[in-house]
1. Using Cα pairs under 8 angstrom and six or more residues apart, how large is the relative contact order of segment 83-168, in percent?
2. I need the phi-derived Karplus couplings for segment 98-110: 6.51 cos²θ - 1.76 cosθ + 1.60, θ = phi - 60°, integer Hz, Gly and Pro marked x.
3. Could you give me the ³J(HN,Hα) list for segment 120-131, computed from phi with Karplus coefficients 6.51, -1.76, 1.60 and θ = phi - 60°, whole Hz, x at Gly and Pro?
4. Tell me the relative contact order for the chain as a rounded percent, counting alpha carbon contacts under 8 Å between residues six or more apart.
5. Lys/Arg Cβ at +1, Asp/Glu Cβ at -1, dipole of segment 57-229 taken about the Cα centre: which of P210, F119, F221 is farthest positive-ward?
6. Run the simple label-point estimate for D205 and L61 please: 7 Å along Cα→C-beta, distance reported in nm.
7. Where the centroid of each part is defined by its Cα atoms, how far is segment 154-196 from segment 42-75 in Å?
8. Between R32 and T70, what length in nm is gained on full extension when 0.36 nm per residue of separation is reduced by their alpha carbon distance?
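Every read-out reported here was derived from the displayed coordinates using simple, explicitly stated rules and does not represent laboratory data. These figures come from a predicted structure and were not determined experimentally. Using ideal geometry, Cβ is built from the backbone for each residue, glycine included, and neighbour counts are taken over all protein chains shown.
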Amino acid sequence: MTATRDLGPLIPRNRDAHPPAYDPDYKTSVFRSPHLPLISMESTPSEETGPRFGHARLGPLDNNLILNWTKGAAPAVGERILMHGRVLDENARPVPDTLIEIWQANAGGRYRHIKDTYFAPLDPNFGGCGRTITDENGCYEFLTIRPGAYPWPNRGNEWRPMHVHVSVFGHSFGQRLITQMYFEGDPLIARCPIANTVKDRGQLDRLVAPLDLGRARPMDFLAYKFDIVLRGRRQTMFENKLEGM
Ligand SMILES: [Fe+2]
């Protein structure tokens, strides 16, 4: 007989905390937001039980964006940082074996993407993508460079704050959560229409990683701490799920 796992106290979801899909200040949301009532669709077994990504598929430089594009031959240009944290559930228990993927602009604010035509040059030594899997304590880390702010077409002179895109996979492809990490002290956060679709200041603050000098390495890199909480009162805001998983 299997022992029942103690799931801890039930923490009700705050269904009002997530930003609305339609926000006129974020121009793209006007066209992307649904115009018809939402319908609920049952997930299929393949979505809930799909193949898992395992440790065996990770390369040694997969979580080192400073070196992974050149396979260690030459480092990327920019402010060297360690991005680290834990994946936690609603009762602050660590979530191990979780695939985390990140993508970001380079130090000048340019993505390595065919549709990014910003003036800032590409860094030949920086690809902008990385991945890792949380350990038994739910911990993860990436060595990377701090991405630059970049302009985007919205209402005129609009700039995205420095940010890293983050994807978290559960046990299948049907369990994917996506969010963005911002950096403590960036004055562009308060001016960004995308960041400010999150109307609750406390929720937005949870997307801002504080400087963590305790994990910085002298004469090498600064560190920023970003914990990802899957649900509950301290849940991280996710772009693709209204309430998390
Ligand atoms: Fe971005």
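1. Dividing the mean separation by the residue count of segment 83-168 yields 38 percent.
2. Per residue, the Karplus-derived 3J(HN,Hα) values read 9, 6, 10, 10, 10, 8, 6, 6, 7, 4, x, x, 10 Hz.
3. 4, x, 5, 8, x, 10, 9, x, x, 10, x, 7
4. About 24 percent, as a whole number.
5. F119
6. 4.0 nm
7. 21 Å
8. 10.0 nm
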